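Participant: Structure below; questions to follow.
Just so it is clear, none of the values below were taken in a lab; they were calculated from the coordinates. In this text the structure is predicted, and so the values were computed from the model without any measurement. Reconstructed Cβ throughout: ideal geometry from the backbone, glycine too, with neighbour counts over all protein chains shown.
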Amino acid sequence: MKIDSSQINSDAGRQVYNTLDCCLTHEIFGKISKQLDDNSRLIYNFERALQAPVLEMMERGFRVDQYERQKGIASLREQASHLQFWLDSMAQAIWGAPLNAQSPKQLAAFFYGTMRLPEQWKYEKGSRKLSTDREALEKLAVYFYARPIVDTILEIRNVKKRLSVLETEIDFDGRMRTSYNIAGTETGRWSSSENAFGTGTNLQNVTPELRKIFVSDPGFKLLGIDLEQAESREVGWQCGVLFGDWSYLDAAYGGDLHTLACKLIWPQLGWTGEKKADRTIADRIFYRGFSYRDMAKRGGHGSNYLGTPFTMARHLKVPTKLMETFQSAYFTAFPGIPRWHRWTAQQLQQSRLLVTPFGRRRHFFGRPNDDATLREAIAFVPQSSTGDRMNLGLWRIWKYMRDRVQLIAQVHDAVYFQFPEHLDENEIAREALALIDIRLQHNGHELIVPGEAKSGWNWGNYDAEKNPNGLKKISISTPDIRQRLDGLARIL
DNA sequence: ATTCCCAGCGCG
DNA sequence: AAAGCGCGCTGGGAAT
């Protein structure tokens, strides 16, 4: 096609440009669509179908309570300048100059140079690096003169981090519009970021405290649904489907996965078989403020993804030996998990390809013998499946409840929408929970990931004093799902 | 003046 | 000695 650019004005020029872009895309599609197998085509069509609800969410945005936002900004700015004054005073006394808490370079010169404190190194990608992150600074805090300085620096960082969210530019109509990228990640999860017009920000990493500034529209109430222990259940599903070891999934169905894990790891704690009493036992302190259940939860999650006892011990601030003992008990209780790890390593050697229960395929281009590649591969299936599960549910809510609800946000394993207040929220919740109830079957076993519904008038968590309008668990259970779960637990 | 990379840190 | 994974944003500071 020949275009004489002198013959067209700039608007028409842009149209021609766009048209040619589309033609090229269409041409490419003609070639690569032949390479799609049935599953890939399904995933591709699914991603395209998600464009409608995503565009709707992006255009709608999330209403921001301007009063709360400004109040927060004013208070944090005040705190920041106060803290900076103290930091500068202390720094002046020590090296005769102010100190920037956000400059690793200055902090290293200050602590390791002028103050002559022991250098803190961290290991990353095979090399060791001088660090001034939270973990490093906390180690310096044991020194008498460093402690108040470290505390001030950490607090400044904390305040500045929150300020950066609150100070994000929002739109003229008082709404924050994030940009969702449907096909931006390796796993099929969405990412979120500043939008094409330069306003908004990543909405998937906002702390519970700051979520309070996001509110429903007048006459509407927010409803959120999150998937319960979704990734863990997907791990259990892999163990069952691949090796017939359903122990981990069964533990999830038994009520509380982490308490159940406690029973298997520490059988001699005097378990009663009664849910409430056993939870009390699991909540007993095990080591330095961590309950048995805490250990099962964090240690279990880390172990599922091939965390080393050394690293997990560092994060939990417990002895390495303890995590070694934990992990060995954990892998004995759920033998399918280490088998699944070995199976994944084998897949990397043989095909470098993994396929999730939802049919999403990922090729691994890293070195098959590299631990880092193995870890990516192990994390892929549960993480990807949970994303697809949530997004399929989200799409179904959009498709079948569009006349009553408006989608607002997605945070990987949770979806938020608003509905007119005059409607029965129990009814809305029941219907949405049914739509996200996506089950898989295999050899008489079933994967069920229940959802938990919460409602309120702002995005923060409910607190009688601090946030009475926040999201509060809806006390209705979905009778259908609960009954079937109880039934399953009895069979097991 | 602008661009680019890194360190640090928030969420799931 | 010792790397859970997946993202995006900010600010510092060097490079251009």
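Participant: Give me A:239, A:262 ranked fewest to most by other Cβ atoms within 10 Å of their Cβ, as a rough exposure proxy.
Facilitator: Numbers: A:239 23, A:262 30.
Fewest-to-most Cβ neighbours within 10 Å comes out as A:239, A:262.
Participant: Separate question: With each label point set 7 Å from Cα along the Cα-Cβ vector, what nm distance links residue A:287 and residue A:315?
Facilitator: About 1.6 nm separates the two model spin labels.
Participant: 7 Å from Cα along Cα→Cβ at both residue A:97 and residue A:308: what's the point-to-point distance in nm?
Facilitator: Calculated label separation equals 3.7 nm.
Participant: Continuing with this model, one more query. Want the number for residue A:67 to residue A:147: 0.36 nm per residue separation, take away the alpha-carbon distance, what's left? Could you put the intermediate results ahead of the total?
Facilitator: Working: separation 80, 0.36 × 80 = 28.80 nm, distance 3.61 nm.
In short, 25.2 nm is gained.
Participant: Taking the dipole about the Cα centre of region A:246-334, with the C-beta of Lys and Arg at +1 and of Asp and Glu at -1, give me whichever of A:264, A:320, A:248 is farthest to the positive side.
Facilitator: So the residue we want is A:320.
Participant: Please list 3J(HN,Hα) in residue order for region A:28-36, calculated via the Karplus relation 6.51 cos²θ - 1.76 cosθ + 1.60 where θ = phi - 60°; whole Hz, with x for glycine and proline.
Facilitator: Ordered by residue, 3J(HN,Hα) equals 5, 4, x, 6, 7, 5, 5, 7, 6 Hz.
Participant: Given H placed on each backbone N at 1.01 Å, which residues far from residue A:291 in sequence or on other chains put an amide H within less than 5 Å of it?
Facilitator: A:286
Participant: In terms of modelled amide H atoms, which long-range or inter-chain residues lie less than 5 Å from the amide H of residue A:408?
Facilitator: Answer set, sorted by chain and number: A:416, A:417, A:418.
Participant: Moving on. For region A:189-195, in order, what is each residue's ³J(HN,Hα) by Karplus, 6.51 cos²θ - 1.76 cosθ + 1.60 with θ = phi - 60°, in whole Hz (x at glycine and Pro)?
Facilitator: Calculated HN-Hα couplings, in order: 5, 8, 10, 9, 7, 3, 8 Hz.
Participant: Next up: Just to confirm a number: summing +1 for Lys and Arg and -1 for Asp and Glu over residues other than residue A:153 whose beta-carbon lies under 15 angstrom from that of residue A:153, what do you get? Let's see the in-between values first.
Facilitator: On the way: positive: A:105, A:134, A:139, A:147, A:157, A:160, A:161; negative: A:88, A:133, A:135, A:138, A:151, A:155.
Around residue A:153, the surrounding residues sum to +1.
Participant: Using just the helices of chain A, give the 222 nm mean residue ellipticity in deg cm²/dmol: DSSP H runs with n ≥ 4 each add -39,500 (n - 2.57), and the total is spread over all residues, rounded to 500. Numbers along the way, then the final one.
Facilitator: On the way: 17 runs with 251 residues, N = 492.
Using -39500 (n - 2.57) per qualifying helix, the result is -16500 deg cm²/dmol.
Participant: I need the phi-derived Karplus couplings for region A:84-96: 6.51 cos²θ - 1.76 cosθ + 1.60, θ = phi - 60°, integer Hz, Gly and Pro marked x.
Facilitator: Whole-Hz 3J(HN,Hα) from phi for region A:84-96: 5, 4, 5, 4, 5, 4, 5, 5, 4, 5, 8, 10, x.
Participant: Arrange A:415, A:64 by Cβ neighbour counts within 10 Å, fewest through most, would you?
Facilitator: Working: A:415 26, A:64 19.
Ranked by crowding around the Cβ, least crowded first: A:64, A:415.
Participant: Compute the whole-percent fraction of alpha carbon pairs in chain A spaced more than 33 Å apart.
Facilitator: On the way: 63567 of 120786 pairs.
Roughly 53 percent, once rounded to a whole number.
Participant: Right, here's the next one. Taking amide H positions as placed 1.01 Å from N in the peptide plane, with prolines and chain starts having none, which residues 5 or more places from residue A:461, or on another chain, fall under 5 Å of its amide H?
Facilitator: A:471
Participant: Determine the relative contact order of region A:66-166: mean sequence separation of Cα pairs under 8 Å and six or more apart, normalised by residue count, in whole percent. Numbers along the way, then the final one.
Facilitator: Numbers: 86 pairs, mean separation 32.3, N = 101.
Contact order relative to length: 32 percent.
Participant: Can you give the net charge of the other residues whose Cβ lies under 15 Å from the Cβ of residue A:422, counting K and R as +1 and D and E as -1? Let's see the in-between values first.
Facilitator: On the way: positive: A:221, A:404; negative: A:217, A:403, A:421, A:424, A:425, A:427.
Within the 15 Å Cβ shell, the charges total -4.
Participant: What do you get for trypsin sites (Lys or Arg not before Pro) in region A:210-306 restricted to DSSP loop and a cutoff of at most 10 other Cβ within 10 Å of the site's Cβ? Could the numbers behind the result be given before it?
Facilitator: Values: sites: A:211, A:212, A:221, A:233, A:263, A:275, A:276, A:279, A:284, A:288, A:293, A:297, A:298; in loops: A:284, A:288.
In loop regions of region A:210-306 (DSSP not H, G, I, E or B), the sparsely surrounded trypsin sites (Lys or Arg not before Pro) are A:288.
Participant: Here is a follow-up. Please name which of A:127, A:96, A:110 has its Cα lying farthest along the dipole of region A:66-166 towards the positive end, using unit charges on Cβ (Lys, Arg +1; Asp, Glu -1) and the Cα centre as origin.
Facilitator: Looking along the dipole axis, the top candidate is A:127.
Participant: Expressed in nm to one decimal, what extension gain is obtained for the pair residue A:185 and residue A:108 from 0.36 nm per residue of sequence separation less their Cα-Cα distance?
Facilitator: Working: separation 77, 0.36 × 77 = 27.72 nm, distance 3.42 nm.
Answer, rounded to one decimal: 24.3 nm.
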